[in-house]
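Visitor: Right, I'll just put the structure down here and ask away after.
FYI, it's all coordinate maths here, none of it is from the lab. Predicted, not measured: the structure shown is a model, and the values here were computed from it. As a convention, Cβ positions derive from the backbone with ideal geometry for all residues, glycine included, and neighbour counts pool all protein chains shown.
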Amino acid sequence: MPTALLGNLTPSQFMRRYWQKKPLLIRQAIPNVEAPLSREEFFELADQDEVEARLITHFRNKWQLEHGPFAPDELPSLKQRAWTLLVQGVDLYDDRARALLDRFRFVPDARLDDLMISYATDGGGVGPHFDSYDVFLLQVKGKRRWRISAQKDLTLQAGLPLKVLQNFHAEQEWLLEPGDMLYLPPHIAHDGIAEGECMTCSIGFRAPSASELTAQFLYHLAERGEAAGHAGALYRDPQQPAVERPAELPAALVERVGAILAGIKWKEQDIASFLGTYLSEPKPSVVFDPPQRPLDEARFISQASKSGIRLDRKTNLLYNRRFFFINGEETSFDGAKKWLFDLADHRCMSAKRFVTLSHDSSVTARLHEWYCAGWIQVGELA
């Protein structure tokens, strides 16, 4: 259905016309929007050790970047102009931020990355720059003026602690107020300047490079012992003669290793298994909180049959036709795929549906394991 979130386009229309193609300004994408966190809550979050926070200042025409955590007295005064506090992955720490991120799940979860919040005082920004991924910029408090350009010159200024374009030439300009949103595909140059105190939510998407995917896939195959037919075999050279130039790289060694690499084979399921585990792997900073007094399996089943279950906000659950991938682990549920597909897609399961599964001990045992690990919670969100 058409939605205000996408300028009264349907998700299908948006993906077909704009996704990775051209920018889109959406007035009142979320009318009466409220910031997921208050300013005080946001500053408290930036003071936590496990949170990725950055402070960017542009005082006396000089860019500076500091990494958190930041105690409240380490931040500039609210009366000081031109500073910005960025906190990455706010959805990992707050259910309101997670709920806002979930509104963008018309894009596959495998591509969805996180929700970043930017707080800025008047004149604050991070300089004209570009991103290598898609981003939705949702204004949730105050006003921010955005200038964008589809310029081809993406040369960066040298010697700066952050990536600022050397030659930025704005082609379009808008003032965004709370509820307004700007979608930008990759490599669109943009510059956002706060007009008064403001908060902006950035919904970003994963875009792994080809080199990253190649390296991680080969590591995945090697880890599973599937990189070659004799993955565990040691290199052998029974025909190696004595040499007079010991530092010279043997041609036979190069040839033999080339043959080993040429022999690496994989199937479509190997690729799917790699992507499922790799893309569902939580970020290194993520720590799950197991229940302090976990229910035993029988009581877990009883409570879930009354209240349902939901994925923890930090949990990533993906699937294909054969396997489920949760937080970097691959598993199979042959008899319960339909219901677990729903759990993955909706991030919750009603009590009524859980009762249907409760007769399958293998499924309830695995769900209980996930509950004990802090990956799922009993009860649906209000």
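Visitor: In deg cm²/dmol, rounded to 500, what helix-only [θ] at 222 nm does the chain give when every DSSP H run of at least 4 residues adds -39500 (n - 2.57) and the total is split over its residues?
Guide: Helices in the chain give a 222 nm mean residue ellipticity of -8000 deg cm²/dmol.
Visitor: Pop a pseudo-label 7 angstrom from the Cα along the beta-carbon direction at both residue 236 and residue 66 and give the gap in nm to one decimal.
Guide: Output for this residue pair reads 6.2 nm.
Visitor: Assuming 1.002 mPa s and 20 °C, estimate D for segment 4-205 with Stokes-Einstein, Rh taken as the Kirkwood radius over Cα pairs, in µm²/s.
Guide: Approximately 125 µm²/s, per Stokes-Einstein.
Visitor: Just in segment 161-195: which GluC sites (Glu not before Pro) are loop by DSSP and have at most 15 other Cβ atoms within 10 Å?
Guide: Taking segment 161-195 and a limit of 15 other Cβ atoms within 10 Å, the loop GluC sites (Glu not before Pro) found are 171.
Visitor: I've got another one for you. At what distance in angstrom do the alpha carbon centres of segment 10-68 and segment 341-382 lie from each other?
Guide: Cα centres, segment 10-68 to segment 341-382: 32 Å.
Visitor: While we're on this one: Using the Karplus curve 6.51 cos²θ - 1.76 cosθ + 1.60 with θ = phi - 60°, what ³J(HN,Hα) values do you get for each residue of segment 163-177, in whole Hz, with x for Gly and Pro?
Guide: 8, 10, 5, 6, 10, 9, 10, 5, 10, 9, 8, 9, 9, 9, 10
Visitor: Follow-up question, since we're still on this one. Could you work out the relative contact order of segment 72-218, using alpha carbon pairs under 8 angstrom and six or more residues apart, expressed as a whole percent?
Guide: Rounded, it is 33 percent for segment 72-218.
Visitor: Treat the count of other C-beta atoms within 10 Å as a stand-in for reagent exposure and order 10, 155 from fewest to most.
Guide: Numbers: 10 13, 155 8.
Listing 10, 155 from fewest to most nearby Cβ atoms yields 155, 10.
Visitor: Okay, next question. What list of ³J(HN,Hα) couplings, whole Hz, do you get for segment 148-159 from phi and the Karplus terms 6.51, -1.76, 1.60, once you set θ to phi - 60° and write x for glycine and proline?
Guide: Karplus-based 3J(HN,Hα) across segment 148-159 equals 10, 7, 8, 4, 8, 6, 10, 5, 9, 5, 7, x Hz.
Visitor: Please list 87-93, 175-181 highest first by mean number of surrounding beta-carbon atoms within 10 Å per residue. Mind showing how you got there, number by number?
Guide: Working: 87-93: 22.1, 175-181: 19.4.
Highest-to-lowest ranking by the protection proxy: 87-93, 175-181.
Visitor: Provide the FRET efficiency to the nearest 0.05 for the residue 262-residue 155 pair, computing r from the beta carbons and using R0 = 41 Å. Can you show the working numbers first?
Guide: Values: r = 39 Å, r/R0 = 0.96.
Using R0 = 41 Å, I get an efficiency of 0.55.
Visitor: Given R₀ = 30 Å, FRET efficiency for residue 34-residue 281 by Cβ-Cβ distance, to 0.05?
Guide: Computed FRET efficiency for residue 34 and residue 281 comes out at 0.40.
Visitor: Are there chymotrypsin sites (Phe, Trp or Tyr not before Pro) in segment 147-188 that DSSP marks as loop and that have at most 16 other Cβ atoms within 10 Å, and which are they? Write out the running numbers ahead of the final one.
Guide: Values: sites: 168, 174, 183; in loops: 168.
Filter output for segment 147-188: empty list.
Visitor: Of the peptides 68-74, 112-118, how do they stack up when ordered by the mean number of other Cβ atoms within 10 Å, highest first?
Guide: 112-118, 68-74
Visitor: Could you let me know the centre-to-centre spacing of segment 289-315 and segment 131-190, using Cα atoms, in angstrom?
Guide: When both Cα centres are located, 43 Å separates them.
Visitor: In whole Å, largest first, what are the principal axis extents of the Cα atoms in segment 140-295?
Guide: 75, 58, 29
Visitor: Amide H neighbours of residue 144 under 5 Å, counting only residues 5+ apart in sequence or on other chains, H built in-plane at 1.01 Å?
Guide: Those lying under 5 Å, H to H, from residue 144 are 176, 195.
Visitor: With +1 on each Lys and Arg Cβ and -1 on each Asp and Glu Cβ, how big is the dipole of segment 189-303 about its Cα centre, in debye rounded to the nearest 20?
Guide: 440 debye
Visitor: Between (i) 24.0; (ii) 22.1; (iii) 21.0, which entry matches Kirkwood radius over Cα pairs in Å as derived from the coordinates of this structure?
Guide: (i)
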